[in-house]
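The values are calculated or read from the model by the stated rules, or taken from the named source; none is laboratory data. The shown structure was predicted, so the numbers you read here are calculated from the model rather than taken from an experiment. As a convention, Cβ positions derive from the backbone with ideal geometry for all residues, glycine included, and neighbour counts pool all protein chains shown. When the accessible area is computed, the model is the full protein with side chains, heavy atoms only, and any ligands, DNA or RNA have been set aside. Shrake-Rupley method; radii C 1.70, N 1.55, O 1.52, S 1.80 Å.
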Amino acid sequence: MNPLAVITLAFAFAAMPRIAIIIDDIGDREADGIRATLLTGPVALAFLPHAPFTPTLAERAHAQQKEVMLHLPLQALSGKALGPGAIMLDTSEAEFRRVLDADLASVPHVSGVNNHMGSLLTRHPGHMGWLMAELRARAPLFFVDSYTAVESVAFALAAESGVPATRRDVFLDTDPSPEQVAVQFERLLAVARSEGSALGIGHPYPATLELLERELPRLALEHGVELVTVRELIAYRSSAYPNAVTPAAPTR
């Protein structure tokens, strides 16, 4: 390839819209977790604390150069069971710190945190303030607001606290049927093309993994979109939107 072609190709990649993808709920099912660690590119995996396969799968993910995140269980409006390591509305500040310490320690190579459920707790400034203070003290951990409720204050408080952060744009598999996962993946790409970047969250469902196994290897050349790490997406958004915390994130 001649030098001009190399420069042209490099410029094209630099100008591509960017996406980051997080796969949540890793750690309960070994086979699904292993499959997620083998996805092409820097897909981030968010691990449930104290789940039976979290330690070994996090080691696998790290070996595959995937970002490892803590999928922090926070109380939801639905009252659904959250499993071990959950933080509730009646959790005291001292207990909050103890639980968060144990949750982080349960996930090897953790580099960031996002919320598991949390439609109740993420709207409470007190608890979210505690969380951001703890994450700031553990820099360079980053935070992703999964944005399970439009009333969430988590991302805004992270930004105010100086914690590297962003929030989710698209859920890939609220409806885990293959047809709807494909629709939401196209929506993710459309948001990235419109806004310059987009963050999608999915789960280790069969249709989600099948689509990502098929589409991620062709993302740049066929879709004209670059897959980046969550940390890279946060840095890009911070530079692209210096006077705003984030581009507007659509709800589910």
Q: Using the Karplus curve 6.51 cos²θ - 1.76 cosθ + 1.60 with θ = phi - 60°, work out ³J(HN,Hα) for each residue of the range 93-106 in order, rounded to whole Hz, and write x for Gly and Pro.
A: 4, 5, 5, 4, 4, 5, 5, 4, 4, 5, 5, 4, 5, 7
Q) If you work out mean projected area of the Cα convex hull in nm² from the coordinates, which of (1) 13.6; (2) 18.0; (3) 14.4 do you get? A) (1)
Q) Using modelled backbone amide H atoms (1.01 Å from N, in-plane), which distant-in-sequence or interchain residues come within less than 5 Å of Met16's amide H? A) none
**Q.** Under 19 Å from the Leu77 label point (7 Å along Cα→beta-carbon), backbone N, the range 119-153
**A.** 119-128, 145-153
(Q) I'd like the orientation of helix 206-215 relative to the chain: the angle between its Cα long axis and the longest Cα principal axis, in ° from 0 to 90, rounded to 10. (A) 30
Q | Using θ = phi - 60° and Karplus 6.51 cos²θ - 1.76 cosθ + 1.60, couplings along the range 15-30 (whole Hz; Gly, Pro as x) | A | 8, 5, x, 10, 10, 10, 10, 10, 9, 7, 6, 8, x, 8, 10, 5
Q) Counting only residues 5 or more places away or on other chains, whose amide H sits under 5 Å from the amide H of Phe143 once H atoms are built in the peptide plane? A) Val113, Ala165, Thr166
**Q.** Alpha-carbon centroid distance for the pair the range 48-119 / the range 146-208, whole angstrom
**A.** 19
Q: For Ser239 paired with Leu38, estimate the spin-label separation in nm (one decimal), with each label point 7 Å from Cα along the Cα-to-Cβ line.
A: 3.5
**Q.** With every protein chain in place, the chain: carbon and sulfur % of accessible area (1.4 Å)
**A.** 58
(Q) What does the net charge come to around Pro17 if you take all other residues with beta carbon closer than 14 Å to its beta carbon, with K and R at +1 and D and E at -1? (A) -2
Q) Arg138 versus Arg97, label points 7 Å from Cα toward the beta carbon: distance in nm? A) 1.4
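I need the peptides 111-117, 82-88 ranked by packing, meaning the mean over residues of other C-beta atoms within 10 angstrom, with the highest value on top.
111-117, 82-88
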Q | Local electrostatic count at Asp145 - Lys and Arg +1, Asp and Glu -1, tallied over other residues with Cβ under 9 Å | A | +2
